[in-house]
Amino acid sequence: EKAIKQREEQGEGDQGDGKVKVGTQCKNNSCTKCYADEASLSQECLYHPGAPVFHEGYKYWSCCKKKKTTDFSEFLSFTGCTRGTCVFTDDPTKKKKALCRYDFFQQGPQVTLSIYAKKVHPEQCEFQISATRLKLFICFDFVNTFALDLELAGRGGAHEGQGEV
């Protein structure tokens, strides 16, 4: 509860009294609109509901897999694919489970998994590996969690498994 309270005190856009600070940027991916007044709460925006993907030098949104680039500035300028209403405050119900970007590959018995998350709490992370399955649970950024359950191709080297945070 202390971590949740600390997160709320940091307040991204929300002044604590339910009002949004002028100049707060929309929380939807790829929307660049900023809060000006109450009318901003109903303005339409174009955004990407998916997660950003960075793979083999390419940058793209998981919801728009056909539109890829190698230039980061061009990636940031991709127009959203979904219409919606601008969101200027964090929804506390969305902060429980989160999507993390991860890279996974297996070559023979060797399995490599990289997960990208900020402010990870190592003492609250769990890793389980068997010959055919890899499971993990990560707690990060005070209240977010990420769980992953992967089936391994063939038989992995479970006796040599190690996790590093």
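The values are calculated or read from the model by the stated rules, or taken from the named source; none is laboratory data. As the structure is a computational prediction, the values presented were derived from the model and not from experiment. Note that each Cβ is placed from the backbone with ideal geometry, even for glycine, and that neighbours are counted across all protein chains shown. These accessible areas exclude ligands, DNA and RNA; they are computed on the full protein's heavy atoms, side chains included. Shrake-Rupley method; radii C 1.70, N 1.55, O 1.52, S 1.80 Å.
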Among the residues of region 109-121, is there at least one that is among the polar types (S, T, N, Q), open to solvent by less than 90 Å² (accessible area, probe 1.4 Å) and touching a residue at least 40 places away in the same chain (Cβ under 8 Å)? no
Any residue at all in region 71-82 that is modelled with pLDDT of 85 or more, outside any strand (DSSP E or B) and more than 17 Å from residue 29 (Cβ to Cβ)? yes
Only one of 54, 75, 105 is open to solvent by 50 Å² or more (accessible area, probe 1.4 Å) and free of Cβ contacts under 8 Å to residues at least 40 places away in the same chain. Can you tell me which? 105
Residue list for region 129-141, restricted to those being of a type outside the set (Lys, Arg), at pLDDT below 85 and not in a loop (DSSP other than H, G, I, E, B): 129, 134, 139, 140
Can you confirm whether residue 95 is modelled with pLDDT of 80 or more and surrounded by 10 or more Cβ atoms within 10 Å (Cβ to Cβ)? no
Please verify whether residue 66 is open to solvent by 90 Å² or more (accessible area, probe 1.4 Å) and modelled with pLDDT under 80, treating the condition exactly as stated. no
Check 46, 41 and return the single one that is surrounded by 13 or more Cβ atoms within 10 Å (Cβ to Cβ) and either assigned to a strand (DSSP E or B) or modelled with pLDDT of 90 or more (or both). 46
Those residues of region 22-54 which are aliphatic (A, V, I, L, M) and over 18 Å from residue 83 (Cα atoms), in sequence order: 22, 36, 53
